[in-house]
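Inspection log for the structure reproduced underneath, given as structure tokens.
The values are calculated or read from the model by the stated rules, or taken from the named source; none is laboratory data. This is a predicted model, so every value here is computed, not measured. When we count neighbours, we look across all protein chains shown, and the Cβ atoms used for this are built from the backbone with ideal geometry, even at glycine.
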Amino acid sequence: MTGNEDTTARFRWLPPGLRPKVAMNLRQERVFLLVGIAALFAGYDMSIYGLAVPRIQASLHIPEDQVGLTITYFRLASIVAMPIVAMADLIGRRRVLLITILGQGVLTLATAFAGDYTQFVGLQIATRIFGYCEEMLVFVAIAEEVAAAARGWSNGTLSAMYYTGIGVASLCYAAVTILPGDWRALYAIGSVPILLVAYLRRQLPETQRFEIRGEQIHKLSSRAVAMRDLLRRLVQEYPRRLTAILICAGAFGFATAPVFVLSAKYIQSTLGYKPYETTMLLIGGGLIGLAMSVLTGRLSDRLGRRAVLFATLTLALVGYGVFYSGARGAEAAGIWMVANFAYIASDAMIAGFAVEIMPTAYRATVGGLRYLVQIGAGAASLALEGLAYDHFGAHGPAMLVMLAAMPIALIALLFLPEPAGRALEDVSHG
């Protein structure tokens with residue numbers, strides 16, 4: 001570490017009230033930016049379909065009851081992403097992160113040129129293989145670099161960056177009617193900064209905890225054996241906490257996938273918002289969510305992850321329940337903002353939980369398993385939402401059926417250890 005890296009970081013790219021309360025050095029800030037910026041692009045990339053689905057639906061002739069099923073197809077990418085992420089426990093976080101950001105940028109650009117529905121779905125699946133890897137590894141790399149007293153803040157800040165990405169996508173969507181290529185332009189625009197970050201990420205160092213662990217790079221022929229052995233040891237050594245975090249993540253993903261992913265469509269199709277009105281709502285919610293997510297993460301450093309996560313999960317359950325029960329007007333907008341913030345904050349804390357409670361040897365693997373289960377459960381929920389839509393004739397009641405799974409996540413949370421304020425080594429062995 002050089003003298004410059006020992007210098008205290010200022011985090012001037014954040015407003016004063018949202019900066020970390022504990023001192024961090026320039027290396028930690030650089031890693032946070034080079035890795036964490038992926039959360040912003042994930043928010044942008046993953047929200048385009050939800051924002052523009054009425055236009056994509058008309059352009060590619062997608063039936064109404066297949067809107068959610070299409071996202072289920074996208075989420076098949078998590079099956080392929082999981083073993084790629086697990087490789088980060090064998091060859092390091094840096095190598096995998098360098099590959100995934102480049103793949104995401106190239107395939108996001110390719111999506112803009114999809115000729116028909118089949119090509120669009122195929123390209124989005126390929127894009128999300130790399131995008132999901134990014135989302136999984138973001139929390140691993142950050143958890144291994146920041147101070148124990150700032151891990152909650154870092155989770156909240158990653159959540160805020162995700163919200164910012166949604167806000168940027170919303171701003172672009174407001175101009176969709178005048179952009180050349182309509183919805184396709186949104187993917188082309190999003191690919192440019194991703195490819196820029198891919199270039200800048202060459203400066204990304206390996207996390208110090210992985211370097212200390214000194215894991216040898218296995219030959220290609222032995223990696224499958226090494227991966228199988230790693231999974232076997234993980235299940236044997238941490239059966240209870242692994243089961244609890246996967247149940248929590250799975251129930252959360254099942255309950256919230258439709259209400260979050262299809263919210264922009266519901267706002268436009270059911271509440272009658274125009275594209276620019278949808279943008280105004282999303283930007284307003286994003287600004288509130290940005291600040292509140294960082295503050296919620298900081299609060300979890302003080303009060304504990306479990307207490308704060310229990311509160312945000314409950315808030316998401318109640319908020320989305322009221323919103324999709326028929327709320328209208330200004331009341332609906334306010335309720336949606338609160339519920340959406342609670343969802344994003346909960347998602348970030350669950351992701352952080354999965355990597356905080358495991359040792360370095362398993363951290364990327366468990367982060368990947370958590371994501372696979374959460375995404376897979378969400379995919380099943382989105383597919384079932386289409387069937388429920390056929391039954392009820394409306395998206396609101398169909399989403400409420402899926403949301404009823406949230407209490408399972410609340411119960412599973414009670415069986416997880418509290419990681420707030422503790423060194424990762426203490427949490428994993430406690």
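Quick check on this structure: which one of Leu295, Leu271 is in a helix (DSSP H, G or I) and over 17 Å from Leu317 (Cβ atoms)? Quick ask: steps written out before the conclusion?
Values: Leu271 fails: in a helix (DSSP H, G or I).
So the residue among Leu295, Leu271 that is in a helix (DSSP H, G or I) and over 17 Å from Leu317 (Cβ atoms) is Leu295.
Would you tally the residues in the stretch 278-313 being of a type in the set (Gly, Ala, Ser), in contact (Cβ under 8 Å) with a residue 60 or more places away in the chain and surrounded by fewer than 22 Cβ atoms within 10 Å (Cβ to Cβ)?
2
Kindly indicate which of Gly421, Gly367, Gly352, Gly396 is closer than 24 Å to Ala149 by Cβ and surrounded by fewer than 19 Cβ atoms within 10 Å (Cβ to Cβ).
Values: Gly367 fails: surrounded by fewer than 19 Cβ atoms within 10 Å (Cβ to Cβ); Gly352 fails: surrounded by fewer than 19 Cβ atoms within 10 Å (Cβ to Cβ); Gly396 fails: closer than 24 Å to Ala149 by Cβ.
Every option except Gly421 fails the conditions.
Between a residue in the stretch 100-121 that is charged (D, E, K, R) and in a helix (DSSP H, G or I) and any residue that is surrounded by fewer than 23 Cβ atoms within 10 Å (Cβ to Cβ) and modelled with pLDDT of 95 or more, which pairs come within a Cβ distance under 9 Å, given they are 6 or more apart or on different chains?
Pairs found: none.
I need the full set of residues from the stretch 46-99 which are free of Cβ contacts under 8 Å to residues at least 40 places away in the same chain, in contact with a helix residue (DSSP H, G or I) (Cβ under 8 Å, 6 or more places away or on another chain) and under 30 Å from Ala175 (Cβ atoms), in order please.
Filtering the stretch 46-99 down to residues free of Cβ contacts under 8 Å to residues at least 40 places away in the same chain leaves 57-58, 63, 95, 99.
Adding the requirement that they be in contact with a helix residue (DSSP H, G or I) (Cβ under 8 Å, 6 or more places away or on another chain) leaves 57, 95, 99.
Gln57 - this is the single residue of the stretch 46-99 that is free of Cβ contacts under 8 Å to residues at least 40 places away in the same chain, in contact with a helix residue (DSSP H, G or I) (Cβ under 8 Å, 6 or more places away or on another chain) and under 30 Å from Ala175 (Cβ atoms).
Checking the conditions here, which among Ser59, Ser47 is in a helix (DSSP H, G or I) and either under 18 Å from Gly122 (Cβ atoms) or aliphatic (A, V, I, L, M) (or both)?
Being in a helix (DSSP H, G or I) and either under 18 Å from Gly122 (Cβ atoms) or aliphatic (A, V, I, L, M) (or both) holds for just one of Ser59, Ser47, which is Ser59.
What are the residues in the stretch 146-193 that are touching a Cys at 6+ places or on another chain (Cβ under 7 Å) and under 12 Å from Leu51 (Cβ atoms), if any?
Leu186
Would you call Ala249 in contact (Cβ under 8 Å) with a residue 12 or more places away in the chain, over 30 Å from Pro63 (Cβ atoms), in contact with a Leu (Cβ under 9 Å, 6 or more places away or on another chain) and crowded, with 24+ Cβ neighbours inside 10 Å? Spell out the reasoning first.
Values: in contact (Cβ under 8 Å) with a residue 12 or more places away in the chain: yes; over 30 Å from Pro63 (Cβ atoms): yes; in contact with a Leu (Cβ under 9 Å, 6 or more places away or on another chain): yes; crowded, with 24+ Cβ neighbours inside 10 Å: yes.
In short, yes.
So Ile344 fits all but one of (1) surrounded by fewer than 18 Cβ atoms within 10 Å (Cβ to Cβ); (2) of a type in the set (Val, Ile, Thr); (3) at pLDDT below 90; what number is the exception?
Single failed check for Ile344: (1).
Run down Ala126, Ala198, Ala160, Ala169 and say which single residue is more than 15 Å from Asp45 (Cβ to Cβ), among the aliphatic types (A, V, I, L, M), in a helix (DSSP H, G or I) and in contact with a helix residue (DSSP H, G or I) (Cβ under 6 Å, 6 or more places away or on another chain).
Just one listed residue meets the conditions, Ala160.
Just the residues that are of a type outside the set (Gly, Ala, Ser) and more than 14 Å from Trp153 (Cβ to Cβ), please, taken from the stretch 285-304.
Result: Leu287, Ile288.
In the stretch 314-330, what residues are surrounded by fewer than 20 Cβ atoms within 10 Å (Cβ to Cβ) and touching a helix residue (DSSP H, G or I) at 6+ places or on another chain (Cβ under 9 Å)?
If the condition is that a residue be surrounded by fewer than 20 Cβ atoms within 10 Å (Cβ to Cβ) and touching a helix residue (DSSP H, G or I) at 6+ places or on another chain (Cβ under 9 Å), then Thr314, Leu315, Val318, Gly321, Val322, Ser325, Gly326, Ala327 are the ones that fit.
Return yes when Ile79 is crowded, with 18+ Cβ neighbours inside 10 Å and either out of contact with any Pro (no Cβ under 6 Å at 6 or more places or on another chain) or assigned to a helix (DSSP H, G or I) (or both) and no when it is not.
no
Is it fair to say Pro20 is more than 27 Å from Ala388 (Cβ to Cβ) and crowded, with 17+ Cβ neighbours inside 10 Å?
Judged against the criteria, Pro20 is a match.
Cβ-Cβ distance below 7 Å, separation of 6 or more or different chains: which pairs start in the stretch 367-379 with a residue that is in contact (Cβ under 8 Å) with a residue 40 or more places away in the chain and end on one that is among the aromatic types (Phe, Trp, Tyr) and surrounded by 24 or more Cβ atoms within 10 Å (Cβ to Cβ)?
Gly367/Phe139; Tyr371/Tyr132; Gln374/Phe252; Ile375/Tyr132; Ala377/Phe254; Gly378/Phe254
Just the residues that are farther than 17 Å from Ile283 by Cα and of a type in the set (Ser, Thr, Tyr), please, taken from the stretch 158-196.
Correct list: Thr177, Tyr187, Ser191.
Would you pick out the residues in the stretch 217-246 that are of a type in the set (Lys, Arg), in a helix (DSSP H, G or I) and either modelled with pLDDT under 90 or buried (at least 19 other Cβ atoms within 10 Å of the Cβ) (or both)?
Scanning the stretch 217-246 gives Arg223, Arg228, Arg232, Arg233, Arg241.
Only one of these is more than 30 Å from Pro258 (Cβ to Cβ) and within 18 Å of the chain's Cα centre (by Cα): Leu90, Leu34. Name it.
When all the criteria are applied, what remains is Leu34.
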